[in-house]
């Protein structure tokens, strides 16, 4: 029996829910400049599925990886039996040689990270049922946290997206 199934049909999901979300983000990412999102890296400038330690393997200065939230609190269960509404973490790492400045003040989070957050928020808010065909009932933007630099010149942010699907085998 499949562990992850559609909340609508009970059919097994094609892969783990966070990977479905990551694939959707990659497929819908900008491939050319858009004035509404200045400073955003284009799709081929992002290392999809890599953490910050994988910069050389990703061969890029920006990496994005989705993952399940480390804890599974019971309050994530939906009103229907076994429906599961967890937060998925979208980890973004941006490596900059110089801190961005506005009027002599360093910017934290950097504009590139902020622009990526805005883009993901707008995409999720305007297409919250987009993943229905892949078994994800709905998704919802749930916030953004900039994280202090793990090393010099590395900026980290976590975007939280709630998704609804069914998890089999959880009481």
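Here are the numbers for this structure:
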quantity	calculated
Identity of the residue in segment 30-68, under 19 Å from residue 126 (Cα atoms) and touching a residue at least 40 places away in the same chain (Cβ under 8 Å), that ends up farthest from the chain's Cα centre (by Cα)	37
Residue match in segment 93-115 (condition: surrounded by 19 or more Cβ atoms within 10 Å (Cβ to Cβ), touching a strand residue (DSSP E or B) at 6+ places or on another chain (Cβ under 7 Å) and modelled with pLDDT of 90 or more)	no
Test: residue in segment 17-37 that is under 23 Å from residue 155 (Cα atoms) and modelled with pLDDT under 90	no
Every residue from segment 119-131 that is assigned to a helix (DSSP H, G or I) and surrounded by 15 or more Cβ atoms within 10 Å (Cβ to Cβ)	119, 120, 121, 123, 124
Top-ranked residue of segment 61-86 - restricted to ones that are in contact with a helix residue (DSSP H, G or I) (Cβ under 6 Å, 6 or more places away or on another chain) and not in a strand (DSSP E or B), ranked as modelled with the lowest pLDDT	85
Number of the condition not met by residue 21 [criteria: (1) outside any helix (DSSP H, G or I); (2) touching a strand residue (DSSP E or B) at 6+ places or on another chain (Cβ under 6 Å); (3) touching a residue at least 24 places away in the same chain (Cβ under 8 Å)]	(1)
Test for residue 20: is it in contact with a helix residue (DSSP H, G or I) (Cβ under 9 Å, 6 or more places away or on another chain) and closer than 15 Å to residue 136 by Cα	yes
Breaking point among (1) under 20 Å from residue 159 (Cα atoms); (2) at pLDDT 80 or above; (3) loosely packed, with under 14 Cβ neighbours inside 10 Å, for residue 49	(3)
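The values are calculated or read from the model by the stated rules, or taken from the named source; none is laboratory data. Computed from a predicted model, the values in this text were never measured in an experiment. Ideal geometry is used to build each Cβ from the backbone, glycine not excepted, and the neighbour counts take in all protein chains shown.
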